[in-house]
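The next block holds one structure in the form of structure tokens; read it before the comments.
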Amino acid sequence: MEPGLYIVGTPIGHLQDITLRALDTLRQADLVVAEDTRHTRVLLERHGIPARLFSCHRFNEASRTDAILDRIRAGGAVALVTDSGMPGVSDPGSRVVAACRAAGLPATCVPGPSAVTAAVALCGFGGAGFTFAGFLPRKSGARRRRLEELAARHEPFVLFESPFRLLRLLEELEAVAGARPVFLGRELTKQFEECRTGTPAELRAAFAGRAVKGELVLVVAPAGRHDEPDDAPPDGPAEGKC
């Protein structure tokens, strides 16, 4: 394999959701740079790939970047992965990619699964484009301003959120987006996958009083679409395993 950085998409949940090209790349790479080596080792072992792992996460990415570039300069093929989905999309990796570009070193992408596109495909109102906003700011003022900006757009917007902040987010969405439809996907492609569509108030009622676990992605319908989603019953949000 030619020297360079290979940005590899990995499963967002189900370990079989990986491309043949991604497996070939991981198998042939001289080094696999991983967000969490323990997590990536499970994936590699599942597919019979010997582990050649190097840790690089958001707390050490700055200090590890030079070592990664040196490996490429020495003729190495380096695969960059995160715990799930595409590196650099609300995950570590952007700094390494930017450094490769600045140094004139080759970098290419081996596309793979993404919670963003999975949620947009599942929501039923993302066919005309969307805005990906990732995680909102932590501070309340900045969060409110960002949500108001997103809510004024005329295309759906996609958010990631921690399960510990879900109810707060739904309250904020109700304040700025009213009763427009929201799709919520939890643990997409995993054993306990859950999908619900409803207004922010309906979703808040559905999740109140229960321990919410796992990765969350939300798609909020665009401004101007305030009617009930077509598949939602009159007394609450539509739900199901998607």
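The values are calculated or read from the model by the stated rules, or taken from the named source; none is laboratory data. Computed from a prediction, not measured in an experiment: that's the story for all the values here. Neighbour counts are summed over all protein chains in view; Cβ atoms, including those assigned to glycine, are modelled from backbone coordinates with ideal geometry.
Scanning for something in a helix (DSSP H, G or I) and of a type in the set (Asp, Glu), does the range 74-85 turn up at least one residue? Break it down into steps so the answer makes sense when it comes.
Step one: of the range 74-85, the residues in a helix (DSSP H, G or I) are none.
No: zero hits.
Can you tell me which residue is surrounded by the most Cβ atoms within 10 Å (Cβ to Cβ) among those in the range 44-54 that are modelled with pLDDT of 95 or more and in a loop (DSSP other than H, G, I, E, B)?
Ile49
Gly88 versus (1) surrounded by fewer than 18 Cβ atoms within 10 Å (Cβ to Cβ); (2) more than 22 Å from Pro3 (Cα to Cα); (3) in contact with a helix residue (DSSP H, G or I) (Cβ under 8 Å, 6 or more places away or on another chain): which is the lone unmet condition?
Failing condition for Gly88: (2).
Of the conditions (1) in a loop (DSSP other than H, G, I, E, B); (2) touching a Cys at 6+ places or on another chain (Cβ under 7 Å), Arg64 fails just one. Which one is it?
The one condition Arg64 does not meet is (1).
Could you please give the count of residues in the range 1-43 that are in a helix (DSSP H, G or I) and either out of contact with any Ser or Thr (no Cβ under 7 Å at 6 or more places or on another chain) or touching a residue at least 24 places away in the same chain (Cβ under 8 Å) (or both)? Show your work before the answer.
Restricting attention to the range 1-43, the residues satisfying the condition of being in a helix (DSSP H, G or I) are 20-28, 37-43.
Restricting the remaining residues to those that are either out of contact with any Ser or Thr (no Cβ under 7 Å at 6 or more places or on another chain) or touching a residue at least 24 places away in the same chain (Cβ under 8 Å) (or both) gives 20-28, 38-43.
Result for the range 1-43: 15.
From the list Leu159, Leu105, Leu150, which residue is outside the structural domain of Val33 (by TED's automatic domain parsing) and either assigned to a helix (DSSP H, G or I) or over 14 Å from Val220 (Cβ atoms) (or both)?
Working: Leu159 fails: either assigned to a helix (DSSP H, G or I) or over 14 Å from Val220 (Cβ atoms) (or both); Leu105 fails: outside the structural domain of Val33 (by TED's automatic domain parsing).
Only one candidate passes the filter, namely Leu150.
Do you know which residues across the range 41-63 are closer than 29 Å to His14 by Cα and of a type outside the set (A, V, I, L, M, F, W, C)?
Pass one, the range 41-63, residues closer than 29 Å to His14 by Cα: 41-61.
Across the range 41-63, the qualifying residues are Arg41, Glu45, Arg46, His47, Gly48, Pro50, Arg52, Ser55, His57, Arg58, Asn60, Glu61.
How many residues are in contact with a Gly (Cβ under 7 Å, 6 or more places away or on another chain) and among the β-branched types (Val, Ile, Thr) if we restrict to the range 64-121?
6
Scan the range 145-153 and give yes if some residue there is over 23 Å from Arg168 (Cα atoms) and over 16 Å from the mean Cα position of the chain (by Cα), otherwise no.
Initially, the range 145-153 is screened for residues over 23 Å from Arg168 (Cα atoms), giving none.
Looking for residues that are over 23 Å from Arg168 (Cα atoms) and over 16 Å from the mean Cα position of the chain (by Cα), one finds none in the range 145-153, hence no.
For the range 5-19, what are the residues that are in contact with a Pro (Cβ under 8 Å, 6 or more places away or on another chain) and either surrounded by fewer than 19 Cβ atoms within 10 Å (Cβ to Cβ) or not small (Gly, Ala, Ser) (or both)?
Leu5, Ile7, Val8, Thr10, Pro11, Ile12, Asp17, Ile18, Thr19
State whether one or more residues within the range 110-118 are within 23 Å of the chain's Cα centre (by Cα), modelled with pLDDT under 95 and on the phi > 0 side of the Ramachandran plot.
Within the range 110-118 (the criterion being within 23 Å of the chain's Cα centre (by Cα), modelled with pLDDT under 95 and on the phi > 0 side of the Ramachandran plot), the answer is no, since none of the residues qualifies.
Listed here are the residues, each with its yes/no results for (1) surrounded by 15 or more Cβ atoms within 10 Å (Cβ to Cβ); (2) over 21 Å from Leu159 (Cα atoms); (3) modelled with pLDDT under 95.
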position	(1), (2), (3)
Asn60	no, yes, yes
Ser63	no, yes, yes
Arg73	no, yes, no
Gly76	yes, yes, no
Gly93	yes, no, yes
Ala102	no, yes, no
Leu105	yes, yes, no
Phe125	yes, no, yes
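It is to be established whether one or more residues within the range 156-170 are surrounded by 18 or more Cβ atoms within 10 Å (Cβ to Cβ), of a type outside the set (Asp, Glu), farther than 24 Å from Val89 by Cβ and more than 16 Å from the chain's Cα centre (by Cα).
So far as the range 156-170 goes, no, none of its residues is surrounded by 18 or more Cβ atoms within 10 Å (Cβ to Cβ), of a type outside the set (Asp, Glu), farther than 24 Å from Val89 by Cβ and more than 16 Å from the chain's Cα centre (by Cα).
Which residues, counting only those in the range 103-130, are among the β-branched types (Val, Ile, Thr) and touching a residue at least 24 places away in the same chain (Cβ under 8 Å)? Walk me through it before giving the result.
Here is the first cut: in the range 103-130, the ones among the β-branched types (Val, Ile, Thr) are 108, 110, 116-117, 120.
Result: Thr108, Val110, Val116, Val120.
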